[in-house]
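Asks: Following this message is one structure expressed as structure tokens.
Derivation of every value follows stated rules applied to the coordinates shown; laboratory data play no part. Just so it is clear, the model here is predicted, and its values are computed rather than measured. Cβ placement follows ideal geometry from the backbone for every residue including glycine, while neighbour counts extend to all protein chains displayed.
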Amino acid sequence: MHPADVLDDGEMHVGAGVGVVAPMPDAERADGAAGAESRIALPAGFGAEAQIRRGFGSGWEAGLRAGPGTFGLDGRLRLLGTRKWLLTAGMGFAATLLPAMLVDDVRRYDLDSGSRLEGQAEILFGRNWSDVLRLWIGPRLSAGRFSISGVEPGTDLESNVAHDQSGTTGFAGGTLGIATGYRYIHAFAELAAAQTFGAEKAFVIAPAFGLWARF
């Protein structure tokens with residue numbers, strides 16, 4: 001949801017988009033404790049996100065992101081270039097506040113608590129054609145930890161199994177994006193692909209689409 005450029009001092013960016021995280025191939029996930037861990041470590045499926053950003057001069061900006069059950073904050077710094085050819089670096093942090101939203105389709109598991117925290121970094125190379133067209137491409141890296149606790153119900157209270165697990169999660173990959181519009185309003189499409197590591201290993205693709213406004 002972000003091109004390679006950095007906002008000017010005082011410039012604002014407001015955007016919203018929808019997308020999907022799709023493991024390839026799409027394997028059926030387990031139920032119970034194993035399924036809950038899998039969904040926390042690699043939340044797959046449709047999602048939505050909104051963001052607001054501001055430029056602070058000297059070639060850097062900061063922003064806030066929010067979606068169902070998650071929030072994040074990040075910053076971006078211009079490394080090379082002007083308004084046409086650009087190389088920028090971004091770093092951020094994301095947290096899952098409502099992990100139940102990631103595991104509510106898991107049968108035979110009652111969630112007590114959980115969390116998912118990540119640090120993210122990327123480098124984007126891009127080209128802007130006036131206020132009409134933007135292209136960007138670059139690598140992304142994420143690493144973090146998750147924890148989950150709950151109960152896998154048995155046939156009666158005495159056979160219930162308590163479960164408490166934590167582990168690492170993350171991905172390494174890249175993104176390719178395009179945005180078109182005029183001056184204040186742009187529509188964008190972005191495709192990310194990555195290899196995950198840690199507790200859940202898979203190759204994923206993540207297309208996203210949306211709009212942003214700058215003023």
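Asks: Any residue in the range 198-211 that's surrounded by fewer than 19 Cβ atoms within 10 Å (Cβ to Cβ): show its pairings with residues that are not in a strand (DSSP E or B) at Cβ separation under 6 Å, as long as the two are six or more apart or on different chains.
Replies: Ala199/Ala41
Asks: Sticking with this one: Identify all residues within the range 27-64 that are out of contact with any Lys or Arg (no Cβ under 9 Å at 6 or more places or on another chain) and among the charged types (D, E, K, R); write none if there are none.
Replies: Glu28, Glu37, Arg54
Asks: Within the group Ala66, Ala16, Ala30, which residue is surrounded by fewer than 18 Cβ atoms within 10 Å (Cβ to Cβ), without any contact (Cβ under 8 Å) to a residue 60 or more places away in the chain and touching a Gly at 6+ places or on another chain (Cβ under 8 Å)?
Replies: It is Ala66.
Asks: In the range 145-203, what residues are among the basic types (Lys, Arg) and under 15 Å from the mean Cα position of the chain (by Cα)?
Replies: Hit for the range 145-203 is Arg145, nothing else.
Asks: Another question, then. Test Arg29 against the stated conditions and say whether it is in a strand (DSSP E or B), within 26 Å of Ile205 (Cβ to Cβ) and charged (D, E, K, R).
Replies: no
Asks: If you don't mind, there's one more thing I want to ask. Pull up the range 143-177, narrow it to residues that are touching a residue at least 40 places away in the same chain (Cβ under 8 Å) and under 30 Å from Arg83 (Cβ atoms), then point me to the one that is surrounded by the most Cβ atoms within 10 Å (Cβ to Cβ).
Replies: So, considering only residues that are touching a residue at least 40 places away in the same chain (Cβ under 8 Å) and under 30 Å from Arg83 (Cβ atoms), the one surrounded by the most Cβ atoms within 10 Å (Cβ to Cβ) is Gly177.
Asks: Among the residues of the range 36-51, are any over 16 Å from the mean Cα position of the chain (by Cα) and surrounded by fewer than 18 Cβ atoms within 10 Å (Cβ to Cβ)?
Replies: No, every residue in the range 36-51 fails to be over 16 Å from the mean Cα position of the chain (by Cα) and surrounded by fewer than 18 Cβ atoms within 10 Å (Cβ to Cβ).
Asks: Here is a further query. Could you please give the count of residues in the range 69-79 that are touching a residue at least 60 places away in the same chain (Cβ under 8 Å) and either within 14 Å of Leu117 (Cβ to Cβ) or surrounded by fewer than 15 Cβ atoms within 10 Å (Cβ to Cβ) (or both)?
Replies: Looking only at that region, the number is 1.
Asks: I need a count of the residues in the range 115-166 that are in contact with a Lys or Arg (Cβ under 7 Å, 6 or more places away or on another chain) and more than 20 Å from Leu97 (Cα to Cα).
Replies: 8
Asks: Could you please give the count of residues in the range 119-143 that are in a loop (DSSP other than H, G, I, E, B) and on the phi < 0 side of the Ramachandran plot?
Replies: Residues in the range 119-143 being in a loop (DSSP other than H, G, I, E, B) and on the phi < 0 side of the Ramachandran plot: 2 in total.
Asks: Can you report the number of residues in the range 6-26 which are out of contact with any Ser or Thr (no Cβ under 7 Å at 6 or more places or on another chain) and either assigned to a loop (DSSP other than H, G, I, E, B) or under 27 Å from Ala162 (Cα atoms) (or both)?
Replies: Residues that pass the stated criteria total 7.
Asks: Mind checking which residues of the range 51-96 are among the hydroxyl-bearing types (Ser, Thr, Tyr) and assigned to a strand (DSSP E or B)?
Replies: Thr70, Thr88, Thr96
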